[in-house]
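Asks: This structure is in structure tokens; I'll ask about it shortly.
The values are calculated or read from the model by the stated rules, or taken from the named source; none is laboratory data. Not measured: the values here are computed from a predicted model. Here the Cβ is made from the backbone with ideal geometry for all residues, glycine too, and neighbour counts use every protein chain on show. Remember, those area values only see protein heavy atoms, side chains included, never the ligands or the DNA or RNA. Shrake-Rupley method; radii C 1.70, N 1.55, O 1.52, S 1.80 Å.
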Amino acid sequence: MRLLLPYSSPLSATSSPATPQFLPEFPPPSQFDYSALTKILKKSVVGTLTGALSLTLVFSSPISSVAATNDPYLSLNPPSSSFESSLNHFDSSPEDCPNEEEADTEIQDDDFKPQLVTNEGIVEEAWEIVNGAFLDTRSHSWTPETWQKQKDDILASPIKSRSKAHEVIKNMLASLGDQYTRFLSPDEFSRMSKYDITGIGINLREVSDGGGNVKLKVLGLVLDSPADIAGVKQGDEILAVNGIDVSGKSSFEVSSLLQGPSKTFVVLKVKHGKCGPVKSLKIQRQVNALTPVSYRLEKVDNGTVSVGYIRLKEFNALARKDLVIAMKRLQDKGASYFVMDLRDNLGGLVQAGIETAKLFLDEGDTVIYTAGRDPEAQKTVVSDKKPLITAPLIVMVNSRTASASEIVASALHDNCKAVLVGERTYGKGLIQSVYELRDGSGVVVTIGKYVTPNHMDINGGGIEPDFRNLPAWDEVKERLSKCNILQRS
């Protein structure tokens, strides 16, 4: 059972990302001065969680006003096209289905309810997760032998209460010396599993159907949320959003489709249970969303050069979508160069950062590598489309540029798409996964790390910029040209 919570930040998991700073002015060059993944154990829930979670859902008023002219589902009135006639319509499944009792069992399976387990069993389950997946990125002193001895010592005496078992797990994880590997109480895990990036109160998971395909199901459902009120049930399969078939899409992509301004509507097609019924539900969003993207056109070199300045405060489900709108608008206004400001951007959704980086990369370019003990945690993420823009790009960074922001900065830098300007970045490049234990509690475990396209370990050291102060655009173009020549040689 997989819980996709790919949120990144160097802060602790109980913290929230800092309040975004006031949008800095973009000075002319002469004034700019910086000196001032793992194996799933039985029914565990796994999610890529890199640092702090934030419940802030963001959408911009200027961007949403444009989107509303193109998308009928972003209007303040319910959809009134042919979709209206299909709402609340139940589709029959042509396949042979099990009886009603079996269908109910499918919804209420062990993925959704804690199992009975002894105190020693719950401790051993947490131990097994670490034994199979933990990556020691700090002390480098962890060994299977010492970890085995620790388990033997712990289980040599009976554990007489569940609270004591939880305390044992906390101490066991603390001994690893990894600040991100930690225990979650049943209440903490429940809140995390209901973490909502959709804006309608659901958390999605990707489930294999056993035949090589993936289905999207509702893992968490916030009580009295718009989705709950509309009739979405825990365990429902998501089939379509606003008439768009979601087959083959990731939970992140579908979460992005579900988001929109408060009081607007989205139509969600779901299948209750294994065999239906299938129902189209009209859901009114109830969040006040703000965009992470702000932008403006700057005139430099005595007004002869137009530069598109874009500030990204964090990477959430709307970052890529709003960034595309911003870049297209700036291009339409004549921008021939771009500056992307990632200063004080502590990260956010890792997948949002990856999708943002792909906007600037050529098809086949490496975005990031992931490394870990488990072969499933060792992956190469590659861009699969042509770039949206090919204009020279500056990425502004500082010591609070972290995690997902560092993935973007390194991908664009190492693929010769951008120069980095400012200060060395924070250096947060670890991957955590969230596992559910059989009593409803959970553990967050560091299972891997991110490695840049040039095979540099982000974690700890950060990324050194090319320039401390903003260079002239001729210098930027020369630097990028030399980088491309070296890459081809």
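Asks: Starting from the Cα of residue 388, step 7 Å toward the Cβ, then list every residue of the range 349-380 with an amide N under 19 Å from that point.
Replies: Only 349-368 fall inside the zone, counting backbone N under 19 Å.
Asks: Taking R0 as 45 Å, what FRET efficiency do you get between residue 481 and residue 373 from their Cβ-Cβ distance, rounded to the nearest 0.05? Walk me through the intermediate numbers first.
Replies: Numbers: r = 40 Å, r/R0 = 0.89.
Using R0 = 45 Å, I get an efficiency of 0.65.
Asks: Related question: Pop out the ³J(HN,Hα) list for the range 328-335 in order, Karplus 6.51 cos²θ - 1.76 cosθ + 1.60 with θ = phi - 60°, rounded to Hz; leave Gly and Pro as x.
Replies: Running phi through 6.51 cos²θ - 1.76 cosθ + 1.60 with θ = phi - 60° gives 5, 5, 5, 4, 4, 8, x, 5 Hz.
Asks: Are there any chymotrypsin sites (Phe, Trp or Tyr not before Pro) in the range 142-221 that are in a DSSP loop and have at most 11 other Cβ atoms within 10 Å? List them by number.
Replies: Of the chymotrypsin sites (Phe, Trp or Tyr not before Pro), not one in the loops of the range 142-221 has a Cβ with at most 11 other Cβ atoms within 10 Å.
Asks: Sticking with this one: To two decimal places, what compactness ratio does the range 143-239 give when its Cα radius of gyration is scaled by 2.2 N^0.38 Å?
Replies: Compactness ratio reported: 1.52.
Asks: What is the antiparallel percent of DSSP beta bridges lying wholly in the range 268-401, to the nearest 5?
Replies: 60 percent
Asks: When the dipole is taken about the Cα centre of the range 256-407, and only Lys, Arg (+1) and Asp, Glu (-1) are charged at their Cβ, what size is it in debye, to the nearest 20? Intermediate values should be presented prior to the final figure.
Replies: Working: 23 positive and 15 negative charges, 202 e Å.
Here the range 256-407 has a charge dipole of around 980 debye.
Asks: Which residues does the label zone of residue 179 cover in the range 346-374, counting backbone N under 17 Å from a point 7 Å along Cα→Cβ?
Replies: 346-348
Asks: Can you give the accessible area of residue 191 in Å² (nearest 10), computed on protein heavy atoms with a 1.4 Å probe?
Replies: Approximately 140 Å² for this residue.
Asks: Please work out the average accessible area per residue across the range 395-484, using the 1.4 Å probe convention, and give it in Å².
Replies: It amounts to 29 Å² per residue over the range 395-484.
Asks: Report the charge-dipole magnitude of the range 310-384 in Debye, nearest 20, computed about the Cα centre from +1 at each Lys and Arg Cβ and -1 at each Asp and Glu Cβ.
Replies: 340 debye
Asks: Give me the percent relative contact order of the range 257-324, please, defined on Cα pairs under 8 angstrom at least 6 residues apart.
Replies: 26 percent
Asks: Enter the mean projected area of the convex hull around the alpha-carbon atoms of the range 342-471, in nm², rounded to one decimal.
Replies: One quarter of the hull surface, i.e. the mean projection, equals 8.6 nm².
Asks: If I model a spin label at residue 170 and residue 208 as a point 7 Å from the Cα along the Cα→Cβ vector, what separation in nanometres do I get?
Replies: 3.6 nm
Asks: Please list, ordered by chain and number, the residues whose modelled amide H lies under 5 Å from the amide H of residue 438; skip anything fewer than 5 residues away on the same chain.
Replies: Placed amide hydrogens put nothing under 5 Å from residue 438.
Asks: Then there's this: Taking 7 Å along the Cα-to-C-beta vector as the label spot, tell me the residue 148-residue 469 distance in nanometres, rounded to one decimal.
Replies: Each label point lies 7 Å from its Cα, and together they span 6.1 nm.
Asks: OK, next. Would you mind classifying the range 264-418 by shape? Square roots of the alpha carbon gyration tensor eigenvalues, ordered a ≥ b ≥ c; an a/c under 1.5 is rounded, otherwise it is prolate if a/b is larger than b/c and oblate if not.
Replies: oblate
Asks: Sticking with this structure for a sec: Note down the nm distance, to one decimal, between modelled labels 7 Å out along Cα→Cβ at residue 157 and at residue 362.
Replies: 6.4 nm
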